[in-house]
Amino acid sequence: MLRTSKRRPVLQATGFAVLTLATLGACAPKDKAAGTSSRTITVVDLSPLNWLSITWNTMEELVRVDKDGRAVPNLAESWNWLDDRTLEVRLRRGVVFHDREKLTAPVFRQSFDEVQKWKSPHPPGAFLNFAPGTTLDVVDDYTVRFTFPQPDAAAIMKFRGMHVGSTKFWRELGFKDQTTGSAESHW
């Protein structure tokens with residue numbers, strides 16, 4: 001989750017389930033018998049789609065959607081179409097993951113590369129997927145350039161569903177099912 005202060009934003013990504021449960025525990029009702037707040041959470045709904053609630057509340061994306069349904073910058077500072085198949089995105093400076101890794105273009109590229117490995121990275125619908133053959137080039141420390149195999153008018157809104165994690169997140173956690181070792185179809 002992006003924490004912002006006047007000094008420095010911090011991105012919370014690794015250990016997102018634990019972070020969410022700890023945060024939710026802080027809002028737990030008081031234990032009437034003991035007169036204290038309970039820090040225990042019991043998960044009742046074991047739906048495999050719960051990961052959506054967790055990731056959308058603990059990870060950040062390049063864009064968010066405002067109250068009028070428009071894409072607004074989030075981890076992206078700005079974007080510019082260079083032609084009908086090439087989109088350049090400038091990343092926000094000063095964003096730091098909770099493990100102290102800075103968000104840079106090479107770190108962002110890892111998130112893109114990891115998600116592009118999947119046949120269906122977005123269970124809500126393939127319309128959120130970037131087409132096979134989409135490439136990402138690192139232009140400088142805070143700029144990336146997407147090249148799409150054909151024009152993609154929905155590219156900016158697809159960024160709303162692309163979760164950005166630190167190197168440690170992808171190396172140690174990722175979105176893999178522990179029993180299959182794959183991120184495919186575990187939802």
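Tabulated data
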read-out: Where a residue in the range 141-164 is of a type in the set (D, E) and its partner, wherever it lies, is surrounded by fewer than 16 Cβ atoms within 10 Å (Cβ to Cβ) and assigned to a helix (DSSP H, G or I), with Cβ under 7 Å and at least six apart; value: none
read-out: Of the criteria (1) small (G, A, S); (2) at pLDDT 65 or above; (3) loosely packed, with under 11 Cβ neighbours inside 10 Å, which one G35 fails; value: (2)
read-out: Candidate set from the range 82-100 (those that are in contact with a helix residue (DSSP H, G or I) (Cβ under 9 Å, 6 or more places away or on another chain) and modelled with pLDDT of 95 or more); member that is farthest from M162 (Cα to Cα); value: L87
read-out: Residues (farther than 17 Å from R160 by Cβ and either modelled with pLDDT of 90 or more or among the acidic types (D, E) (or both)) located in the range 110-135; value: Q110, D113, E114, G133, T135
read-out: Enumeration of residues in the range 65-88 that are touching a Phe, Trp or Tyr at 6+ places or on another chain (Cβ under 9 Å) and among the aliphatic types (A, V, I, L, M); value: A71, L75, A76, L87
read-out: Residue list for the range 137-176, filter: in a loop (DSSP other than H, G, I, E, B), surrounded by fewer than 16 Cβ atoms within 10 Å (Cβ to Cβ) and modelled with pLDDT of 95 or more; value: D141, P149, Q150, P151
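The values are calculated or read from the model by the stated rules, or taken from the named source; none is laboratory data. Bear in mind the structure is a predicted one, so any value in this text is a computation, not a measurement. With ideal geometry, Cβ positions are generated from the backbone for all residues, glycine too; neighbour counts draw on all protein chains shown.
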